[in-house]
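Enquirer: Sharing a structure below in structure tokens format, with a few things to ask.
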Number of protein chains: 2
Amino acid sequence: MSKKPSIPKGTRDFSPAEVAKRNYIFSIIKSNFEKFGFQPIETPSFENSETLMGKYGEEGDRLIFKILNSGDFLDKVAADELQTINYKQLTGKISEKALRYDLTVPFARYVVQHQNEIEFPFKRYQIQPVWRADRPQKGRFREFYQCDADVVGSTSLWQEVELVQLYDSVFSQLGLKGTTIKINNRKILSGIAEVIGASDKLIDFTVALDKLDKIGEDGVKKEMLEKGITEEAIGKIQPLFNFTGTINEKIDKLSNLLSTSVEGKKGVEELQFICSNIKELGLQTASLDLDVTLARGLNYYTGAIFEVAAPKEVAMGSIGGGGRYDDLTGIFGLKNMSGVGISFGLDRIALVIEELNLFPETVLATSKAMFINFGDKEALYSMKAITKLRAENIKVELYPDNAKIGKQFQHADKRGIPFAVLVGEEEINNQEFTLKNLGTGEQQKVDYDKLVVLLK
Amino acid sequence: MSKKPSIPKGTRDFSPAEVAKRNYIFSIIKSNFEKFGFQPIETPSFENSETLMGKYGEEGDRLIFKILNSGDFLDKVAADELQTINYKQLTGKISEKALRYDLTVPFARYVVQHQNEIEFPFKRYQIQPVWRADRPQKGRFREFYQCDADVVGSTSLWQEVELVQLYDSVFSQLGLKGTTIKINNRKILSGIAEVIGASDKLIDFTVALDKLDKIGEDGVKKEMLEKGITEEAIGKIQPLFNFTGTINEKIDKLSNLLSTSVEGKKGVEELQFICSNIKELGLQTASLDLDVTLARGLNYYTGAIFEVAAPKEVAMGSIGGGGRYDDLTGIFGLKNMSGVGISFGLDRIALVIEELNLFPETVLATSKAMFINFGDKEALYSMKAITKLRAENIKVELYPDNAKIGKQFQHADKRGIPFAVLVGEEEINNQEFTLKNLGTGEQQKVDYDKLVVLLK
């Protein structure tokens with residue numbers, strides 16, 4: 001094969017600089033997860049197909065990558081059957097495993113499978129790649145990392161409070177000031193649909209409301225009418241179209257609007273608990289806002305719904321989201337296991353940090369110094385120093401070949417290594433090193449102890 | 001679905017304790033890779049099939065997991081064609097991607113694809129999972145991590161020297177004393193086959209020699225005879241059957257044996273360079289040994305061959321291996337790109353560290369303290385302290401529910417949390433906390449500042 005090799009569409013190679021930047025974000029997310037008492041688990045990259053299929057709707061099933069059975073996968077398929085079979089039927093016969101589509105379903109499977117070993121409430125985090133056969137486009141990939149923290153086995157709203165703090169803590173530590181943590185509650189949306197007599201149209205109603213930012217009040221009303229929501233019903237939710245004020249004012253408005261709905265009032269109470277406790281505790285750099293149009297994950301969220309918006313100066317969608325789901329593990333036969341969790345969108349966070357120039361320079365730190373190679377005798381003398389320096393945790397390296405000195409300096413330069421160390425006959429005789437600052441060009445002769453001090 | 005869910009055979013779930021232990025090993029390997037000047041890259045989990053197929057021999061091709069094309073994968077296969085097609089032919093038509101089988105071929109592909117952005121010599125490391133449809137057995141999995149460090153673009157033997165040091169540095173830092181880094185050279189094996197007139201039987205010869213440990217001198221000789229190597233030839237290699245002494249003595253013996261082989265003499269020279277420089281530089285806890293029976297990876301290694309044996313008190317195969325390959329990227333059309341690299345066997349290393357009880361206790365560190373939940377008022381007072389403690393990087397948590405106190409203590413106990421903090425009416429009034437040592441049962445009243453000091 002001599003044509004230039006490539007990678008599958010929607011996938012990425014990560015260069016050293018890119019890995020370093022991503023690891024910087026991962027490590028801040030991880031350390032905060034752990035500070036908040038979450039523990040890591042890992043699940044296999046592929047699951048039995050029956051674990052994943054049917055959990056993400058029809059669209060999801062289509063986007064799951066299936067793995068072909070090993071060996072003669074056709075041996076259980078009759079030849080005449082093959083002539084009439086369609087690809088969906090055949091898939092079930094020749095594929096039994098599929099790549100992880102998200103971290104939530106594997107987590108639910110993990111909890112059910114290991115329920116006797118787990119001490120509940122169980123606070124777990126998981127940072128692993130997932131795969132989706134989505135059409136690739138800017139910012140959307142077929143392989144990407146999810147970073148999830150969830151608590152299962154408790155309905156306490158203190159967890160929602162802590163998850164808001166966790167978002168704030170991560171984004172503050174990343175230097176990302178001005179994020180907005182938007183909160184809503186599924187029960188509020190159900191309550192509104194109930195009081196306007198449109199409970200049967202909850203999804204249509206919330207999908208339309210969710211577009212308020214994009215298509216405006218008139219657009220939303222038009223769409224609601226088209227979906228069969230009456231003029232009268234729409235009239236009742238007029239306050240939602242100009243839903244401003246402090247969180248407390250918003251909660252008061254909702255409280256009035258929902259006074260006749262048991263479920264709605266429960267939603268207001270939950271919001272109130274979370275928001276007032278966050279107010280008492282304070283946030284570092286994020287702000288909490290009640291966004292009644294927020295309707296993500298309505299298929300599974302049953303209580304709080306979260307979404308994090310990047311600082312306003314960056315044009316970027318949400319950089320995180322989550323919520324409360326009352327029946328995480330029911331699909332695998334374990335009832336009454338309420339969960340609440342949040343997720344961080346690594347790729348988008350990386351883009352935001354890049355755009356705002358917030359990656360610290362130390363993230364890309366390469367070796368502190370490169371020893372120039374003047375031949376084996378000099379190299380051995382250098383390697384003795386390098387061995388000792390590394391034992392002191394100082395990153396240094398030897399240029400491996402006795403190449404032209406210009407080429408060696410160029411290598412150090414391109415790699416962004418700040419110092420070169422030169423060792424010739426004279427240095428060996430005097431037990432010295434010539435340390436050259438590759439930025440300023442300055443050089444000085446130093447002994448080993450001085451070298452350690454200068455490179456440390 | 002109500003039957004208990006499971007995972008595909010050969011895959012594993014990792015619990016928090018297991019992840020913590022594995023991350024401990026990963027982090028030591030990573031920090032040493034970086035100290036030695038290696039930089040991380042990451043490649044996609046799946047590659048185009050043509051990138052992987054044909055690179056690992058027929059057996060390898062069989063063990064590669066193939067991914068079914070998305071959508072109607074049958075639409076390009078004629079119905080009548082399906083009746084006669086065999087599964088191998090069909091695979092090519094319905095699958096275009098495959099899961100990574102190792103890190104070496106994707107790395108070669110990466111180097112060729114990004115050759116214009118890479119500054120050579122390129123020292124890269126890569127720690128990612130690979131997948132093989134091998135029959136699962138004890139210690140062999142279908143998904144496992146590889147940890148590789150390679151240098152490409154230089155033939156300097158200083159790299160072999162550094163890789164020996166790198167092994168020593170990692171295993172020493174893991175506390176694993178008494179590892180043996182075995183070294184051999186492909187050119188030595190070729191030279192021996194040459195001087196005994198069995199160059200055409202190099203593989204048979206080395207495969208037999210490699211079994212010396214297991215089947216003994218007589219067994220090896222019997223196998224060689226069966227493979228058509230003459231009595232006379234076997235007589236010439238008699239010194240290899242009792243190949244003891246210091247490295248220098250062994251090198252002298254080889255030097256005599258190989259005096260008529262150009263390639264063999266080159267191999268002796270290379271060994272000499274590596275071993276004498278390692279002797280000059282010293283190793284921390286590992287020992288270097290010349291093992292002329294070592295023949296791993298003979299299909300691709302062209303120079304040095306490495307293998308690391310665990311300390312003798314543990315019955316475990318090799319925990320690492322590597323070597324020099326002169327034509328890493330030739331398969332993708334880029335010639336003359338010599339590489340040398342080593343790999344760490346994470347799973348086996350973890351088993352050895354476990355067996356020798358070398359995991360530090362801090363690896364499993366959970367939260368320092370759990371605040372008992374006596375109700376919302378007390379919880380808010382606790383959360384104020386927790387928020388401040390976390391800002392000081394102290395891992396603490398609140399039990400989320402106002403459950404029976406016995407249940408809460410039991411939770412802390414099962415999680416291995418060393419302290420509980422109790423907050424009631426009295427503590428709130430006095431702005432205090434009751435700190436209870438869950439090991440000794442002792443408890444004391446402290447103010448916030450004292451609490452920080454005691455938990456830090």
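Enquirer: Could you state the angle between the C-alpha long axis of helix A:212-226 and the longest principal axis of the C-alpha atoms of chain A, as a value from 0 to 90 degrees rounded to the nearest 10?
Expert: 30
Enquirer: Now a separate question. Using modelled amide H (1.01 Å from N, peptide plane; none on Pro or chain starts), what sits under 5 Å from the amide H of A:Phe371, excluding residues fewer than 5 places away?
Expert: A:Glu397, A:Leu398, A:Tyr399, A:Val421
Enquirer: Project the alpha carbons of segment A:112-209 onto their principal axes and report the range along each, largest first, in whole Å.
Expert: That gives 43, 41, 36 Å along the principal axes, largest extent first.
Enquirer: Sticking with this structure for a sec: Between A and B, which A residue has the Cβ nearest their rotation axis, distance in Å?
Expert: Of all Cβ atoms in chain A, the one nearest the axis gives A:Leu82, 2.
Enquirer: Shape verdict for segment A:264-407, please, from the Cα gyration tensor: rounded (a/c under 1.5), prolate (a/b greater than b/c) or oblate. Working shown, then result.
Expert: Details: a/c = 3.63, a/b = 2.77, b/c = 1.31.
Prolate is the answer for segment A:264-407, as a/c is 1.5 or above and a/b outweighs b/c.
Enquirer: Which residues make up the longest stretch of chain A that has no GluC sites (Glu not before Pro) in a DSSP loop with at most 12 other Cβ atoms within 10 Å? Mind showing how you got there, number by number?
Expert: Details: sites that count: A:Glu117, A:Glu313, A:Glu392, A:Glu442.
My reading of the result: A:118-312 is the longest stretch.
Enquirer: Right, another one. By count of other Cβ within 10 Å, fewest leading, how are B:Arg62, A:Arg124, B:Arg324 ordered? Let's see the in-between values first.
Expert: Working: B:Arg62 14, A:Arg124 24, B:Arg324 27.
So the residues, fewest neighbours to most, are B:Arg62, A:Arg124, B:Arg324.
Enquirer: Related question: Which shape class applies to segment A:1-142: rounded if a/c is under 1.5, otherwise prolate when a/b exceeds b/c and oblate if not, where a ≥ b ≥ c are the square roots of the Cα gyration tensor eigenvalues? Working shown, then result.
Expert: Values: a/c = 2.56, a/b = 1.34, b/c = 1.90.
Judged from the Cα gyration tensor, segment A:1-142 comes out oblate (a/c at least 1.5, b/c at or above a/b).
Enquirer: Residue-wise, which Karplus ³J(HN,Hα) couplings in Hz belong to segment B:258-269, taking 6.51 cos²θ - 1.76 cosθ + 1.60, θ = phi - 60°, and x for glycine or proline?
Expert: Each residue's phi maps through the Karplus curve to give 9, 4, 9, 10, 4, 5, x, 5, 4, x, 4, 4 Hz.
Enquirer: Longer than 20 Å from Cα to Cα, which of A:Lys456/B:Lys177; A:Lys66/A:Lys138; B:Lys395/B:Lys456; A:Lys138/B:Lys66 are they? Say none if no pair is. Present the calculation step by step, with values, prior to reporting the outcome.
Expert: Working: A:Lys456/B:Lys177 28 Å; A:Lys66/A:Lys138 24 Å; B:Lys395/B:Lys456 9 Å; A:Lys138/B:Lys66 27 Å.
Long pairs (Cα-Cα over 20 Å): A:Lys456/B:Lys177; A:Lys66/A:Lys138; A:Lys138/B:Lys66.
Enquirer: Still on this model: Lys/Arg Cβ at +1, Asp/Glu Cβ at -1, dipole of the protein assembly as shown taken about the Cα centre: which of B:Leu63, A:Ser95, B:Ala78 is farthest positive-ward?
Expert: Of the options given, the answer is B:Ala78.
Enquirer: By how many degrees, 0 to 90 and rounded to 10, does the Cα axis of helix A:16-35 deviate from the longest principal axis of chain A?
Expert: That helix lies at roughly 60 degrees to the long axis.
Enquirer: Just need the relative contact order of chain A here, percent rounded to a whole number, with Cα pairs under 8 Å and 6+ apart.
Expert: Values: 708 pairs, mean separation 67.3, N = 456.
Computed value for chain A: 15 percent relative contact order.
Enquirer: For a Förster distance of 25 Å, can you work out the FRET efficiency between the beta-carbons of B:Lys414 and B:Asp13, rounded to the nearest 0.05?
Expert: Details: r = 19 Å, r/R0 = 0.77.
After rounding to 0.05, the efficiency reads 0.85.
Enquirer: Stick to the Cα atoms of chain B, pair each with every other, and give me the Kirkwood hydrodynamic radius in Å at one decimal.
Expert: Details: mean 1/r = 0.0379 Å⁻¹.
Hydrodynamic radius (Kirkwood, Cα pairs) of chain B is 26.4 Å.
Enquirer: Tell me, A:Ile203, B:Ile386 in order of fewest to most beta-carbon neighbours within 10 Å? Walk me through the numbers on the way to the answer.
Expert: Details: A:Ile203 14, B:Ile386 25.
Starting with the residue having the fewest Cβ neighbours, the order is A:Ile203, B:Ile386.
Enquirer: Turning to a different aspect of this structure: If the cut-off is 17 Å between C-alpha atoms, which aspartates and glutamates fall inside it for B:Lys450, apart from same-chain ones fewer than 8 positions away?
Expert: B:Glu392, B:Glu427, B:Glu432, B:Glu442
Enquirer: Between B:His114 and B:Val453, how many nm apart are label points set 7 Å from Cα along the C-beta direction?
Expert: 5.1
Enquirer: Which distances, shortest first and in nm, link B:Glu442 to the matching position in the other copies, using label points set 7 Å out along Cα to C-beta?
Expert: B:Glu442 label point versus its equivalents elsewhere: 5.3 nm.
Enquirer: Here is a follow-up. Using +1 on the beta carbon of Lys and Arg, -1 on that of Asp and Glu, and nothing else charged, what's the dipole of chain A about the Cα centre, debye to 20? Present the calculation step by step, with values, prior to reporting the outcome.
Expert: Values: 59 positive and 64 negative charges, 169 e Å.
So the magnitude is around 820 debye.
Enquirer: Using r as the Cβ-Cβ distance of A:Asp327 and B:Ile215, and R0 as 56 Å, what FRET efficiency do you calculate, to the nearest 0.05?
Expert: On the way: r = 60 Å, r/R0 = 1.07.
That gives a FRET efficiency of 0.40.
Enquirer: Which of A:Lys407, B:Lys187, B:Lys201, A:Lys445 has the fewest other C-beta atoms within 10 Å, and how do the rest follow up to the most?
Expert: Working: A:Lys407 10, B:Lys187 25, B:Lys201 18, A:Lys445 13.
Least crowded to most crowded, the residues run A:Lys407, A:Lys445, B:Lys201, B:Lys187.
Enquirer: Could you pull out the pairs from B:Lys97/B:Lys227; A:Lys384/B:Lys123; A:Lys30/B:Lys384; B:Lys201/B:Lys253; A:Lys279/B:Lys414 whose alpha carbons sit more than 29 Å apart here? It would help to have the intermediate numbers written out before the result.
Expert: Details: B:Lys97/B:Lys227 40 Å; A:Lys384/B:Lys123 20 Å; A:Lys30/B:Lys384 22 Å; B:Lys201/B:Lys253 22 Å; A:Lys279/B:Lys414 33 Å.
Over 29 Å apart, Cα to Cα: B:Lys97/B:Lys227; A:Lys279/B:Lys414.
Enquirer: A further question follows. What do the square roots of 5 times the Cα gyration tensor eigenvalues come to for segment B:381-451, in whole Å, largest first, as semi-axes of the equivalent ellipsoid? Don't skip to the end; give the middle numbers.
Expert: Working: eigenvalues 66, 41, 34 Å².
With the √(5λ) rule applied to segment B:381-451, the semi-axes are 18, 14, 13 Å.
Enquirer: To continue, here is another question. Where the centre of each part is set by its Cα atoms, how far does segment A:90-109 sit from segment A:7-25, in angstrom?
Expert: That distance is 25 Å.
Enquirer: Pairing the Cα long axis of helix B:186-195 with the longest principal axis of chain B, what angle in degrees results, from 0 to 90 and rounded to the nearest 10?
Expert: 20
Enquirer: Could you run the Debye sum over the Cα atoms of the protein assembly as shown, one equal point scatterer each and no solvent, and tell me log10 of I(q)/I(0) at q = 0.10 Å⁻¹, two decimals?
Expert: Log10 of I(q)/I(0), two decimals: -1.27.
Enquirer: What's the average, rounded to a whole number, of partner chain beta-carbon atoms within 10 Å of each residue's beta-carbon in B:102-109? Numbers along the way, then the final one.
Expert: Numbers: counts 0, 0, 0, 1, 3, 0, 1, 5.
For this peptide, the per-residue mean of nearby foreign Cβ atoms is 1.
Read-outs: derived from the displayed coordinates by stated rules, not from any lab. Since the model is a prediction, treat every value here as computed from it, not as a measurement. All Cβ positions, glycine included, derive from the backbone under ideal geometry; neighbour counts span all protein chains shown.
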